[in-house]
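Structure first, commentary second.
The values are calculated or read from the model by the stated rules, or taken from the named source; none is laboratory data. Only a predicted model underlies this, so the values are computations on that prediction, with no experimental measurement involved. A quick note on method: Cβ atoms are made from the backbone with ideal geometry, for glycine too, and the neighbour counts reach across all protein chains shown. In case anyone asks, the SASA skips ligands and DNA or RNA and just uses the protein heavy atoms, side chains included. Shrake-Rupley method; radii C 1.70, N 1.55, O 1.52, S 1.80 Å.
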Amino acid sequence: VQLVESGGGLVQAGDSLRLSCVASGDTFSVYRIGWFRQAAGKEREFVGSITFSGAPRYNTDSLKGRFAISRDNAKNTVYLQMNNLEPEDTAAYYCSATRNFFGTLPSQFDYWGQGTQVTVSS
């Protein structure tokens with residue numbers, strides 16, 4: 001499956017952004033789609049994921065309820081809505097896909113997009 005992210009950009013603290021991840025090349029519905037982010041000099045961090053049926057899970061410790069993931073299976077698209085952005089959210093954001101129902105480590109996801117940069121200024 002191929003994944004393409006879009007929607008990143010430069011915003012100010014407190015703003016919102018919605019990232020999109022469009023999938024192609026395989027049956028989209030069999031995959032759990034995850035979002036990760038990687039800040040400069042840091043390890044890739046799990047943001048959240050969503051199953052085919054639309055059940056999301058989040059890295060609640062770092063997100064504090066500001067992010068929400070949704071999917072539109074008819075459009076082969078998963079969204080990451082980010083609200084009240086903080087400078088600490090600055091990172092490259094990646095979507096990923098796995099057939100596994102569990103797991104939050106990058107090694108547990110099989111397919112990756114190229115990433116989209118989000119920069120939040122203070």
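Miscellaneous remarks
- Residue in segment 27-45 that is farther than 24 Å from Leu10 by Cβ, of a type in the set (Val, Ile, Thr) and buried (at least 19 other Cβ atoms within 10 Å of the Cβ) present: yes
- Entry remark, segment 40-66: residues being closer than 19 Å to Pro87 by Cβ and either of a type in the set (A, V, I, L, M, F, W, C) or part of a strand (DSSP E or B) (or both) number 4 in total.
- Within segment 105-122, restricting attention to residues that are part of a loop (DSSP other than H, G, I, E, B) and either of a type in the set (Lys, Arg) or open to solvent by less than 50 Å² (accessible area, probe 1.4 Å) (or both), the residue that is farthest from Ser53 (Cα to Cα) is Gly115.
- Qualifying residue in segment 48-67 (condition: among the basic types (Lys, Arg) and surrounded by 15 or more Cβ atoms within 10 Å (Cβ to Cβ)): yes
A quick yes/no check of all residues on (1) more than 15 Å from Phe36 (Cα to Cα); (2) at pLDDT below 95:
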site	(1), (2)
Leu63	no, yes
Asn76	yes, yes
Thr90	no, no
Cys95	no, no
